[in-house]
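What follows is calculated from the coordinates using simple rules that are stated; it is not laboratory data. Bear in mind that the values here come from a model prediction, so they are computed numbers and not experimental data. Note: ideal-geometry Cβ built from the backbone for every residue, glycine included; neighbour counts use all protein chains shown.
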Number of protein chains: 2
Amino acid sequence: MPESLKLGLAGLGTVGAGVLRLIEAHADKIAARTGRKLEVVAVSARNRAKKRDAYIDAYRWVDDPVALAKDPEIDVFVELMGGEEGIPKEAVEAALKAGKHVVTANKALLAHHGVALSKLAEENGVALNFEAAVAGGIPVVKVMRESLQGNEIRRVYGILNGTCNYILTLMQEEGATFDDALKDAQAKGYAEADPTFDIGGFDTAHKLALLTSLAFGVEIAFDQIYVEGIQRIAAADIEAADGLGYRLKLLGVAEATEHGIEQRVHPAMVAKHTPIAETFGAQNCVLVEGDFVEDVMLSGQGAGAGPTASAVMSDIVEIARGHIFAPFATKASELKPYPRAEMGGHAGSYYLRLTVHDQTGVIAGIATRMAEQNISLDSIVQHRPRTDIPGVDDGDEPTGPVDVVMITHETTESAIQKALAAIEGDGHVVAKPQMIRIESL
Amino acid sequence: MPESLKLGLAGLGTVGAGVLRLIEAHADKIAARTGRKLEVVAVSARNRAKKRDAYIDAYRWVDDPVALAKDPEIDVFVELMGGEEGIPKEAVEAALKAGKHVVTANKALLAHHGVALSKLAEENGVALNFEAAVAGGIPVVKVMRESLQGNEIRRVYGILNGTCNYILTLMQEEGATFDDALKDAQAKGYAEADPTFDIGGFDTAHKLALLTSLAFGVEIAFDQIYVEGIQRIAAADIEAADGLGYRLKLLGVAEATEHGIEQRVHPAMVAKHTPIAETFGAQNCVLVEGDFVEDVMLSGQGAGAGPTASAVMSDIVEIARGHIFAPFATKASELKPYPRAEMGGHAGSYYLRLTVHDQTGVIAGIATRMAEQNISLDSIVQHRPRTDIPGVDDGDEPTGPVDVVMITHETTESAIQKALAAIEGDGHVVAKPQMIRIESL
């Protein structure tokens, strides 16, 4: 019988407790499959006495995660604390330097320091595995690092944040406003008291940064991602999208273009009756397009104790089998610099919703501004008068402000921005125009 | 620089040619990622002179695939001939016995001889990889063999045959009859001149047999799969399903039940507005439910040169990296005997469509027969009179045969079969009743 694989686990929140439960439930099966018995030898967390969904008295307690990371008794350091700087970073570095394999769910840490940590892992001949850092239980890291190696990737994109998808689903299904849907998500524990990190798109951007490096063999470039959250999505947009055959999702997209790689996080419209459009609630999904495989989609639970523990275990099993990969598929020293494609060059169709005074000539004026930028329209719909624009007194006038919704043919981001600036300058709009990109599938 | 990985490729049809093109396109990238250069040293096929989508003159030609399989110069035998007996089987056996790794897309061979071949691979310390045998470009074998090892699997199911899904999609979208949709699929090259293998469900059953073994650690039991094809699906069923909120798909399902493992291939209704329901045309999808991961879905192209070549390459890359697995995740000698759950015990809801004379008392008679089997109904809808029942003269009578569509609450297969037999015995139905299982998602 070969030696057991000895684990040190730092971070005993929801996910850490889930990993302990999974090991308890399936250690025997995993030993039969991999030839190595998993053994948790020590654990660490901020507060030993905290009530948890796992029994931890069986394990040696270590106060300092950094000490645990280099503990002579462990083979694998499982980092489930989270956070991009400070103790988690120190601990992961210490583990790698001490020749320990590292399994982590820490997307923020990797989005900021992934390349440096990969170099450290490679220098020390150990694994740095992070399946749980992207899209919870969905095995997208393994699929990209292994299954799709025979492909040149064109685009990787998806719904990577369950909080936003929950909010958008609620707005769609119940006609809720953004604020009410957010409150509901907070009450149900899907959103934090300060929800900015999720609804502002930053969590999605962390995950996207990792997928981009895996897909294109480039350095991680988190701070070069265009990030726009879902805060400005109105019930009127969800409703208009529905009428036009679309669903609204917060997407993370990394795409190879002739100008470089676009990395963008923003609300987007996707065609109804497609698997991505039918990904609801807290589910995540990731789509990958390659030159041979064409397209592959993976979906599942993007968070939660069980799914995330399943992903952590996938990483541990890989180590138990003795399979060590370059963390981002390409050796860290050979990752190419990230070639950024500016958002101005983004090509696509756009949804525009302009709230305007219902007066003669307004539509003509708008159409002229679009034509000046060579933007042609696929459709234009004038909606019923609005009576809910804050600060706009529409009193009893029959001709209060109305919503004009347009879908453009393919154009560029810079053309749209120029046209919208000109339209705003003309004074026809009574509120900031809404612009949502349409993602072609 | 380590040695190149030397490949011998038997079978140069669509997939074989695709693999050669992929190697030409991406050999350098793969060498950089795996440390080994792929080199095709020899090829074999039935007819050397045949026109192909790949240039083969650069490779040594071997007439006999079995000779190629044990050629001293090759490390990996890539079997893309297909067929469950004869030369492909002999060649794969010869390769394994000669200590060559085998990569194959041959689901029929594995469904019939997978356990014996796995034993042979394990005895010789080589890989027997078959990602391309199940669901084309979708990386489901890797995901089950590696990513989901921390789970007890409850159910694995999906749309595993593109031909059937294409036919059902056409029936749904264009109201085509089954015969017309089949003719269209044949004209487009999606279906063979003799389509029985696809539309009868046998191709799906081959793939399901492999997934079942992977999921549950049991021996492959192809002959014990319940198989029902799509030949009896009528336009009326597609239409009724739509009205009731369902889509019709041919599913392969393997499910752990209290009576053992159910393995079944049959048309099934799945709820609309779910990713599986929105899997259209020649696309495939696979869903896996585990105790920790909850549910994971993978979808993509289930066939075709590019996607299948991508899957073959995933298997080759694994070998290039030196990662060798038990083919079915569990050592072949430790796979448990397959514990069959009989179809009679299958629990679920059912769709029934009975074509009956529009006479007083018929519905009451049917309802009585259902009640006798303790089957309760979720809904019952009487459709407009039918005028298209062959052999039934409905002339100008206002009261010709009508379709009665029922959805049952959960019951068992044997209860449904008994109720239907009794209803047929009563002489109320003018055609064989239609029964379609509803798969709960």
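Each other copy places its own label point for residue A:333 at 4.3 nm from this one, sorted shortest first, where the point lies 7 Å along the Cα-to-beta carbon line. Each label was represented as a point 7 Å from its Cα along the Cα-to-Cβ direction; for residue A:236 and residue A:73 these points are 6.4 nm apart. DSSP bridge analysis restricted to chain B gives an antiparallel fraction near 70%, rounded to the nearest 5. The residues packed around residue B:68, meaning those with a beta-carbon under 11 Å from its beta-carbon, carry a net charge of -2 if Lys and Arg are +1 and Asp and Glu are -1. Taken about its Cα centre, segment B:5-133 carries a charge dipole of roughly 320 debye when the Cβ of each Lys and Arg holds +1 and the Cβ of each Asp and Glu holds -1.
If both residues of a DSSP beta bridge must be in segment A:142-301, then about 95% of such bridges are antiparallel. Would you work out the Kirkwood radius for the protein assembly as shown? I mean one over the mean of 1/r across all pairs of different Cα atoms, in Å. With all distinct Cα pairs of the protein assembly as shown included, I get 29.4 Å. Radius of gyration over Kirkwood radius for segment A:142-301, both on Cα atoms: the Rg/Rh ratio is 0.98.
If both residues of a DSSP beta bridge must be in the protein assembly as shown, then about 70% of such bridges are antiparallel.
Helix A:235-244 against the longest principal axis of chain A: what's the angle in degrees, Cα atoms only, rounded to the nearest 10? It works out to around 80 degrees.
Enter the angle in degrees (range 0 to 90, nearest 10) between the Cα long axis of helix A:178-187 and the first principal axis of the Cα atoms of chain A, meaning the one along which they spread out most. Orientation of helix A:178-187: about 20 degrees from the principal axis. Of the residues A:187, A:138, A:224, the one whose Cα sits farthest towards the positive end of the charge dipole of chain A is A:138 (charges of +1 on Lys and Arg Cβ, -1 on Asp and Glu Cβ, taken about the Cα centre).
Net charge dipole, segment A:240-301: roughly 400 debye, given to the nearest 20, about the Cα centre with Cβ charges of +1 for Lys and Arg and -1 for Asp and Glu.
In chain B, with Lys and Arg counted as +1 and Asp and Glu as -1 at Cβ, which of these residues, B:404, B:313, B:163, has the Cα nearest the positive end of the dipole, that is, farthest along it? Comparing the listed Cα positions along the dipole, B:313 ranks first. Taking the axis that rotates chain B onto chain A, the chain B residue nearest to it by Cβ, with the distance rounded to whole Å, is B:275, 2. Once the Cβ-Cβ distance between residue B:97 and residue A:426 is put in as r, and R0 is 60 Å, what FRET efficiency do you end up with, to the nearest 0.05? After rounding, the FRET efficiency stands at 0.15. Please give me the summed charge of the neighbours of residue A:333: other residues whose Cβ is under 14 Å from its Cβ, Lys and Arg +1, Asp and Glu -1. Every neighbour counted, the sum reads 0. Working ranking of peptides B:7-19, A:79-91 by packing, defined as the average number of other Cβ atoms within 10 Å per residue, highest first, is B:7-19, A:79-91.
Inter-copy label distances at residue A:179, shortest first and taken from points set 7 Å along Cα to Cβ: 6.3 nm. Considering only C-alpha atoms, what is the centroid distance from segment B:264-284 to segment B:100-168, in Å? Their Cα centres are 21 Å away from one another. In straight-distance terms, cross-link reach from residue A:37 covers every one of the lysines whose alpha-carbon lies under 26 Å from its own, apart from those fewer than eight places away in the same chain; here that gives A:6, A:29, A:70, A:97, A:100, A:142, B:119, B:142, B:331, B:336. Take the Cβ atoms of residue B:3 and residue B:61, set R0 to 22 Å, and the FRET efficiency comes out at 0.40. Between residue B:333 and residue A:380, the simple label model (points 7 Å from Cα in the Cβ direction) yields a spacing of 7.7 nm. Using the alpha-carbon atoms, what tilt in degrees (0 to 90, nearest 10) does helix B:202-216 show relative to the longest principal axis of chain B? The angle comes out at about 70 degrees.
Annotation for segment B:1-109: chymotrypsin sites (Phe, Trp or Tyr not before Pro) lying in DSSP loop with at most 16 further Cβ atoms inside 10 Å of their Cβ are B:55.
Estimated from the Cβ-Cβ distance and a Förster radius of 56 angstrom, the FRET efficiency linking residue B:188 and residue A:90 is about 0.40. Of the chymotrypsin sites (Phe, Trp or Tyr not before Pro) in segment A:148-202, not one is in a loop by DSSP (not H, G, I, E or B) with at most 16 other beta carbons within 10 Å.
Within the shell defined by Cβ-Cβ distances under 12 Å, the residues around residue B:242 carry a net charge of -1, with Lys and Arg each +1 and Asp and Glu each -1.
The GluC sites (Glu not before Pro) of segment B:216-262 that meet both conditions, a loop assignment by DSSP and at most 11 other Cβ atoms within 10 Å of the site Cβ, are B:258. Evaluated with a Cβ-only charge set (Lys, Arg +1; Asp, Glu -1), the protein assembly as shown carries a dipole of roughly 2460 debye about its Cα centre, given to the nearest 20.
Counting only DSSP H runs of at least 4 residues, each contributing -39500 (n - 2.57), and dividing by the residue count of chain A, the helix-based mean residue ellipticity at 222 nm comes to -10500 deg cm²/dmol. Starting from the label point of residue A:29 at 7 Å along Cα→Cβ, the same points in the other copies fall at 3.5 nm, in ascending order.
Projecting the Cα positions of A:83, A:32, A:66 onto the charge dipole of segment A:1-126 (unit charges on Cβ atoms of Lys, Arg, Asp and Glu, taken about the Cα centre) puts A:32 furthest along the positive direction. The label-point distance for residue B:152 and residue B:257, in a model that sets each label 7 Å from Cα toward Cβ, rounds to 1.9 nm.
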